[in-house]
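Report on the following structure.
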Amino acid sequence: MWRAQFCYSSKGKKAMDKMKSLRQGRNEFPYGNLESSVLQACFQATKYEPEKHSMDSRRRIAGMQFSVSSISKNGKRKPSHVARNSMILYLTTFFRFYTSDESTYEFVGKKVPSFGEDQPDVVADFVNAVFKNENFDDGSIKRLTRRLSNEGIRLAHWKYLQ
């Protein structure tokens with residue numbers, strides 16, 4: 001149900017159309033996997049409830065792992081916009097892998113890869129489609145990914161609470 005509503009909304013359709021026009025690199029990451037991975041990251045971000053989640057003992061929350069220095073800098077408080085930022089890191093990573101000429105799937109526990117093209121304009125369209133109150137452009141996506149990378153924030157597996 002969520003997928004249909006998202007894909008047929010005007011902003012969701014625009015984001016999906018831009019993603020379909022991306023050039024695939026010479027790798028084994030097919031478009032079908034890209035589409036399902038991107039939609040899963042978007043769905044997880046929409047369903048994230050901050051009051052039900054807390055940072056675990058390994059400094060992970062909502063698909064991101066924070067460095068010791070970022071925790072000591074920002075204290076023990078819960079990071080703001082964690083679902084949105086996680087979605088941005090995941091989409092940037094997926095697009096880099098899809099457009100890359102290198103063939104690798106391993107990305108969890110790593111910083112955003114340096115190969116491939118990050119496609120900040122497409123990421124911005126997805127963020128604006130998922131989070132109705134956001135107004136991101138490619139410049140703001142670049143600044144955010146650079147800041148998160150400089151803080152040592154990495155991708156981690158999403159934990160599911162029942």
For region 139-160, indicate whether the set of residues that are assigned to a helix (DSSP H, G or I) and touching an Asp or Glu at 6+ places or on another chain (Cβ under 6 Å) is non-empty.
no
Do we have SER67 as modelled with pLDDT under 90, surrounded by fewer than 16 Cβ atoms within 10 Å (Cβ to Cβ), touching a Lys or Arg at 6+ places or on another chain (Cβ under 9 Å) and not basic (Lys, Arg) here?
yes
If TYR105 passes every condition in (1) modelled with pLDDT of 75 or more; (2) in contact with a helix residue (DSSP H, G or I) (Cβ under 8 Å, 6 or more places away or on another chain); (3) surrounded by fewer than 13 Cβ atoms within 10 Å (Cβ to Cβ) but one, which one does it miss?
(1)
Would you tally the residues in region 128-138 being surrounded by 12 or more Cβ atoms within 10 Å (Cβ to Cβ) and assigned to a loop (DSSP other than H, G, I, E, B)?
4
Considering residues that are over 12 Å from LEU91 (Cβ atoms), among the polar types (S, T, N, Q) and surrounded by fewer than 17 Cβ atoms within 10 Å (Cβ to Cβ), the number found within region 10-54 is 7
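Okay, residues lined up against (1) of a type in the set (Ser, Thr, Tyr); (2) within 25 Å of GLN5 (Cβ to Cβ); (3) modelled with pLDDT of 80 or more:
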| position | (1), (2), (3) |
| --- | --- |
| LYS47 | no, yes, yes |
| MET55 | no, no, no |
| VAL82 | no, yes, yes |
| ASN85 | no, yes, yes |
| LEU91 | no, yes, yes |
| ARG96 | no, no, yes |
| LYS110 | no, no, no |
Any pair with Cβ under 9 angstrom, 6 or more apart, that starts in region 1-25 at a residue that is within 19 Å of GLN119 (Cα to Cα) and ends at one that is surrounded by fewer than 13 Cβ atoms within 10 Å (Cβ to Cβ) and polar (S, T, N, Q):
GLY12/GLN5; GLY25/SER103
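The values are calculated or read from the model by the stated rules, or taken from the named source; none is laboratory data. In this text the structure is predicted, and so the values were computed from the model without any measurement. Cβ atoms come from the backbone with ideal geometry, glycine included; neighbour counts cover every protein chain shown.
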